[in-house]
Amino acid sequence: MPTPPSTPFERVVAAYPSLAGLTPALRDEVERNLNVMRMPAGTPMFREQDSCAAFPIILSGRVRIARTMESGRELVLYDVEPGESCVLSTSCLLGNSRYNAHAQCATEVELATLPRAVFDRLVTEHRPFREAVFHLFGERLVRLVELVESIGFQRLDQRLAAALLGKGQHIATSHEQLAHQLAVSRESISRMLKQFEEHGFVKLGRGSIEILQPRELRRVATGQAAAAAAAEGDKNH
């Protein structure tokens, strides 16, 4: 049975395997500059217009990255969990720019940080780390493009159905949380969820949603339901 990681550096390598195999000098610098901290749920990790001085590595928990819109609502961009990276932090470090979004601990979080100088040296001298950073950066960028497309071109029923899928049969969430995630009003979410319930797709509870017909929700999410309804309407005319 493998021995669980015990030192901060070993825990960081477990979450970010590309940091394995460092030269002795580079490993020593990482260990000396590694800062590990715990933050309760709800703690801000960074705010809009903050400068980025360190590369964050999530060891446990989940951090939510969001942008405040002109309307005052928040648009959730993505979550960061162990093994993932924050594309905004990477972008700010590489471009020497400030954050244009904010981050908050969605759960209790254990976080390790590496100063900018150490991050720069790792990107320059340790190829596995450099490749991992840019691979995760590219993956996250694709997801952000998909988010923009969904907001710009998908109907709310499609976006809501997609947000409900893949989380199991019972989802512990509120209408307010879903509205926050999709950057729309709570009333719009409540109306749409009521429609889903009337169609038998879900069962609504207090602070929870039970998925009854995931296949039908998937049809809504992919636009198949809307296409079928449109075709039926044309046939009736």
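The values are calculated or read from the model by the stated rules, or taken from the named source; none is laboratory data. Computed from a predicted model, the values in this text were never measured in an experiment. Cβ atoms come from the backbone with ideal geometry, glycine included; neighbour counts cover every protein chain shown. Note: areas computed on protein heavy atoms with side chains; ligands, DNA, RNA excluded. Shrake-Rupley method; radii C 1.70, N 1.55, O 1.52, S 1.80 Å.
On a per residue basis, the stretch 1-149 carries 53 Å² of accessible surface, using protein heavy atoms and a 1.4 Å probe. Using θ = phi - 60° in the Karplus curve 6.51 cos²θ - 1.76 cosθ + 1.60, the 3J(HN,Hα) couplings for the stretch 81-92 round to 10, x, x, 10, 10, 8, 4, 5, 5, 4, 4, 5 Hz; x is entered for Gly and Pro.
Relative to the longest principal axis of the Cα atoms of the chain, the long axis of helix 224-236 makes an angle of roughly 20 degrees.
Solvent-accessible area of Asp28, all protein chains in place: 70 Å² (probe radius 1.4 Å, heavy atoms, ligands and nucleic acids excluded). Taking Cα atoms only, the orientation of helix 24-33 departs from the longest principal axis of the chain by about 70 degrees. In a shell of Cβ-Cβ distance under 13 Å around Leu93, excluding Leu93 itself, what net charge do Lys and Arg (+1) and Asp and Glu (-1) give? Surrounding charge for Leu93 is +2. Taking all Cα-Cα distances within the chain, those exceeding 34 Å account for 29%. To put it simply, the accessible area of the stretch 80-204 at a 1.4 Å probe is 51 percent carbon and sulfur. Put simply, the amide H of Cys52, placed in the peptide plane, has neighbours under 5 Å in Tyr99, leaving out anything fewer than 5 places away on its chain.
In the calculated pair distance distribution of the stretch 1-130, what percentage of Cα-Cα distances lie above 21 Å? Present the calculation step by step, with values, prior to reporting the outcome.
Working: 3408 of 8385 pairs.
Cα-Cα pairs of the stretch 1-130 separated by over 21 Å account for 41 percent.
In this structure the amide hydrogen of Leu77, modeled in the peptide plane, comes within under 5 Å of the amide hydrogens of Ile65, Ala66, Arg67, none closer than 5 places in sequence on its chain. Lacking any other cysteine beta-carbon closer than 4.7 Å, the following Cys residues of the chain have no compatible partner: Cys86, Cys105. Computed packing ranks the peptides 133-145, 156-168 as 156-168, 133-145, most packed first, by mean other Cβ atoms within 10 Å.
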